[in-house]
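Accompanying notes for the structure given below.
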Number of protein chains: 4
Amino acid sequence: MHAPSTSLPPLQASHWFNSPAPPTLDGLRGKVVAIHAFQMLCPACVAQALPQASRLHDAFAGDDFAVIGLHTVFEHHAVMGAAALQAFIHEYRLRFPIGIDEADPRGPIPRTMAAWNLRGTPSLLLLDRDGALRLSHFGHIDDLLLGAMIGRLLQQAPRQAAPAAGAGCDEHGCAVPGPA
Amino acid sequence: MHAPSTSLPPLQASHWFNSPAPPTLDGLRGKVVAIHAFQMLCPACVAQALPQASRLHDAFAGDDFAVIGLHTVFEHHAVMGAAALQAFIHEYRLRFPIGIDEADPRGPIPRTMAAWNLRGTPSLLLLDRDGALRLSHFGHIDDLLLGAMIGRLLQQAPRQAAPAAGAGCDEHGCAVPGPA
Amino acid sequence: MHAPSTSLPPLQASHWFNSPAPPTLDGLRGKVVAIHAFQMLCPACVAQALPQASRLHDAFAGDDFAVIGLHTVFEHHAVMGAAALQAFIHEYRLRFPIGIDEADPRGPIPRTMAAWNLRGTPSLLLLDRDGALRLSHFGHIDDLLLGAMIGRLLQQAPRQAAPAAGAGCDEHGCAVPGPA
Amino acid sequence: MHAPSTSLPPLQASHWFNSPAPPTLDGLRGKVVAIHAFQMLCPACVAQALPQASRLHDAFAGDDFAVIGLHTVFEHHAVMGAAALQAFIHEYRLRFPIGIDEADPRGPIPRTMAAWNLRGTPSLLLLDRDGALRLSHFGHIDDLLLGAMIGRLLQQAPRQAAPAAGAGCDEHGCAVPGPA
């Protein structure tokens with residue numbers, strides 16, 4: 001079982017908030033997933049993207065849909081560390097899982113942001129039930145358009161069964177599991 | 001070919017604006033359809049529902065989707081006639097087809113509004129590609145939720161082929177239905 | 001007692017709503033007055049100017065301040081008559097006095113609108129306690145700036161005593177009262 | 001020359017941004033002054049109070065009016081230090097002088113916030129041209145009402161001349177006060 005060509009490189013997070021266990025893209029297979037990349041000191045993130053993420057979480061999160069936040073700090077690193085983000089999450093009452101994109105000692109861009117070729121914050125990614133990337137959008141996106149994209153993805157049956165514990169095998173044989 | 005049990009009674013309009021020919025529910029088969037019932041002197045219609053209808057029309061109208069307005073006047077009849085509505089449509093720059101729900105001489109509620117059991121204005125109805133009623137909502141509805149409903153309906157293939165010239169059964173005979 | 005050079009020609013209204021007696025500019029002397037010229041089918045009036053007029057009325061109307069609406073119809077006359085305006089005032093729950101600017105048989109511009117040289121709707125005029133014109137603004141004006149102008153005018157003492165019943169006389173003699 | 005009973009205790013700031021020299025309440029005499037107490041991680045400050053402060057600054061700041069920000073941190077001290085505030089001011093493009101309320105080693109409430117009895121953030125204070133406190137408001141305040149208060153204060157002449165070099169009484173002697 002090979003990953004589709006549009007699948008994302010793995011999410012590399014050094015810490016998670018609002019999540020009992022670190023979410024993985026593979027573990028989210030079967031759900032439509034919205035990933036909001038943001039920085040806590042990015043005004044458009046605070047004014048528009050994070051409220052939209054919270055509305056998505058409130059409206060749709062469940063067996064079929066998940067919202068994931070990713071703190072992709074590429075500037076002002078010293079004042080947007082884990083403790084600052086924790087206070088921010090508390091004060092803004094964000095309820096969905098939020099990971100800290102893993103810093104890269106070679107430069108200011110954190111690892112996942114670089115691997116996913118994000119242009120800045122806010123960025124919104126949508127993955128279908130198979131984990132395929134269906135949208136990677138930098139900047140604001142209208143609620144009506146976003147809702148329609150999500151509705152279409154929710155309506156689509158997965159091409160493949162979601163992976164379960166020990167279930168890399170089907171009637172055709174056994175595939176090597178993809179990276180987490 | 002029987003109408004599905006959730007299909008709407010026909011739209012009865014005495015006049016149409018923004019439409020070269022009177023749209024009919026049958027003629028719209030194959031498209032997802034949003035019908036906005038409103039009155040030009042209804043504040044919530046003017047502030048929320050009609051701007052949402054225009055956004056829907058701008059974002060989605062085409063081969064797959066149509067927005068229809070229906071002026072369902074049930075009060076202040078004397079000052080919401082066709083000439084007043086025409087000036088309103090002009091000043092608010094509404095671009096989608098708008099019909100005047102046919103007055104019923106027996107009472108204040110116009111015919112389509114009564115046949116569809118609408119509770120007031122604004123009301124929003126969504127029909128799937130088969131013409132089946134999927135939503136009848138009185139009051140405001142959030143863009144994100146509405147977008148998701150429309151996205152789901154757009155993703156669904158019609159159960160039946162849209163009627164074309166000579167398709168289905170009518171007084172002239174029966175055509176072979178298309179694939180589901 | 002001569003009118004100051006910046007005083008407005010009289011308000012000529014053919015009908016009043018929300019007012020037991022027709023307000024006059026002379027009768028409003030002593031108060032700061034905001035006059036909102038609008039048309040019921042003007043989208044910017046409905047979306048911005050009339051809500052601002054209602055906020056002004058709710059916040060400030062009293063012994064020191066008055067809000068007056070003026071329906072200055074210069075287009076679509078046939079569908080913006082008195083009965084249509086009455087339904088509009090009822091549905092939008094406007095509480096302040098609203099006059100119908102008197103039609104001029106010679107052309108589409110009503111009499112007060114012409115005499116005051118208004119450029120269109122919405123227009124907002126501010127009069128100080130002496131009845132002098134202090135602002136005549138076409139289009140939208142920001143709440144903060146408008147509030148500050150009103151605050152300044154409220155703080156100014158009148159240069160002349162407000163006219164009272166039979167009080168056209170002062171230490172300099174007796175003046176003929178101006179037209180209502 | 002005694003301070004009026006409504007005058008504020010002095011502003012105690014450990015650092016200033018956007019100001020070549022530390023502003024003082026005495027140095028601001030003669031101007032109407034708006035002081036916005038905020039915390040950078042307070043959602044209502046970010047969404048409402050600071051944009052309002054910026055609008056005030058853009059609309060009115062000059063010889064007659066000044067806007068002052070005061071970062072009154074009473075929680076999450078570790079992540080709202082000077083470097084974090086500097087990044088915040090940069091990203092939100094705040095242009096008015098902003099001071100850091102001086103920390104009090106005895107507790108979480110900083111010195112000015114305690115001396116002024118502020119209830120929380122956002123708080124807005126208005127001082128008249130004499131430095132007398134005219135408003136101390138916790139929470140949001142409407143633009144129209146705030147504008148009107150500021151307009152009234154701007155219209156009022158100072159009771160006392162603003163202190164200039166050699167004016168008023170100080171350790172060097174007494175100057176004749178200006179007209180009220």
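The values are calculated or read from the model by the stated rules, or taken from the named source; none is laboratory data. As the structure is a computational prediction, the values presented were derived from the model and not from experiment. Counting neighbours? That spans all protein chains shown, and the Cβs are built from the backbone with ideal geometry, glycine included.
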Is at least one residue of region A:132-143 at pLDDT 95 or above and assigned to a helix (DSSP H, G or I)?
yes
Among the residues of region C:52-75, write down those that are farther than 20 Å from B:Pro43 by Cα and of a type outside the set (A, V, I, L, M, F, W, C).
C:Gly62, C:Asp63, C:Asp64, C:Thr72, C:Glu75
Considering region A:2-42 alone, what residues qualify as being assigned to a loop (DSSP other than H, G, I, E, B) and within 14 Å of another protein chain (Cβ to nearest Cβ)?
A:Gln39, A:Met40, A:Leu41, A:Cys42
For the structure I just gave you, tell me whether D:Phe74 is in contact (Cβ under 8 Å) with a residue 12 or more places away in the chain and buried (at least 17 other Cβ atoms within 10 Å of the Cβ).
yes
Does region A:55-63 contain any residue that is modelled with pLDDT under 95 and surrounded by 14 or more Cβ atoms within 10 Å (Cβ to Cβ)?
no
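Out of the residues in region B:97-128 that are out of contact with any strand residue (DSSP E or B) (no Cβ under 6 Å at 6 or more places or on another chain) and in contact (Cβ under 8 Å) with a residue 24 or more places away in the chain, which is surrounded by the fewest Cβ atoms within 10 Å (Cβ to Cβ)? Outline the logic, then answer.
In the first step, residues of region B:97-128 are kept if they are out of contact with any strand residue (DSSP E or B) (no Cβ under 6 Å at 6 or more places or on another chain); the result is B:103-109, B:114-117.
Imposing the further condition that a residue be in contact (Cβ under 8 Å) with a residue 24 or more places away in the chain reduces the set to B:103, B:108-109, B:115-116.
Values: B:Ala103: 17, B:Pro108: 13, B:Ile109: 17, B:Ala115: 16, B:Trp116: 19.
Selected residue: B:Pro108.
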Log entry, pairs with first residue in region B:136-156 being more than 7 Å from chain A (Cβ to nearest Cβ), second being surrounded by 15 or more Cβ atoms within 10 Å (Cβ to Cβ) and of a type in the set (Asp, Glu), beta carbons closer than 9 Å, six or more apart or on different chains, reads B:Asp142/A:Asp143; B:Leu153/B:Asp128
So is C:Phe96 more than 29 Å from B:Gln86 (Cβ to Cβ), modelled with pLDDT of 95 or more and outside any strand (DSSP E or B) or not?
yes
Answer with yes or no whether D:Ala21 is of a type in the set (A, V, I, L, M) and touching a helix residue (DSSP H, G or I) at 6+ places or on another chain (Cβ under 7 Å).
no
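Return the total of residues in region A:61-77 being in contact with a strand residue (DSSP E or B) (Cβ under 8 Å, 6 or more places away or on another chain) and either closer than 15 Å to A:Leu127 by Cα or within 14 Å of chain D (Cβ to nearest Cβ) (or both).
Residues in region A:61-77 being in contact with a strand residue (DSSP E or B) (Cβ under 8 Å, 6 or more places away or on another chain) and either closer than 15 Å to A:Leu127 by Cα or within 14 Å of chain D (Cβ to nearest Cβ) (or both): 10 in total.
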Any residue in region C:46-55 that is assigned to a loop (DSSP other than H, G, I, E, B) and within 13 Å of another protein chain (Cβ to nearest Cβ)?
no
Please work out if B:Ala87 is in a helix (DSSP H, G or I), facing another protein chain (nearest Cβ under 9 Å) and either buried (at least 21 other Cβ atoms within 10 Å of the Cβ) or out of contact with any strand residue (DSSP E or B) (no Cβ under 6 Å at 6 or more places or on another chain) (or both).
yes
Residues located in region A:99-119, provided they are of a type in the set (Val, Ile, Thr) and outside any strand (DSSP E or B):
A:Ile109, A:Thr112
Inside region A:22-58, can you point out the residues that are β-branched (Val, Ile, Thr) and closer than 17 Å to A:Glu91 by Cα?
A:Val46
Odd one out for C:Glu75, checked against (1) closer than 21 Å to C:Met149 by Cβ; (2) in a loop (DSSP other than H, G, I, E, B); (3) of a type in the set (Asp, Glu)
(1)
Quick one: in region D:65-94, of everything that is within 14 Å of the chain's Cα centre (by Cα) and of a type outside the set (A, V, I, L, M), which residue is nearest to D:Gly27 (Cα to Cα)?
D:Phe65
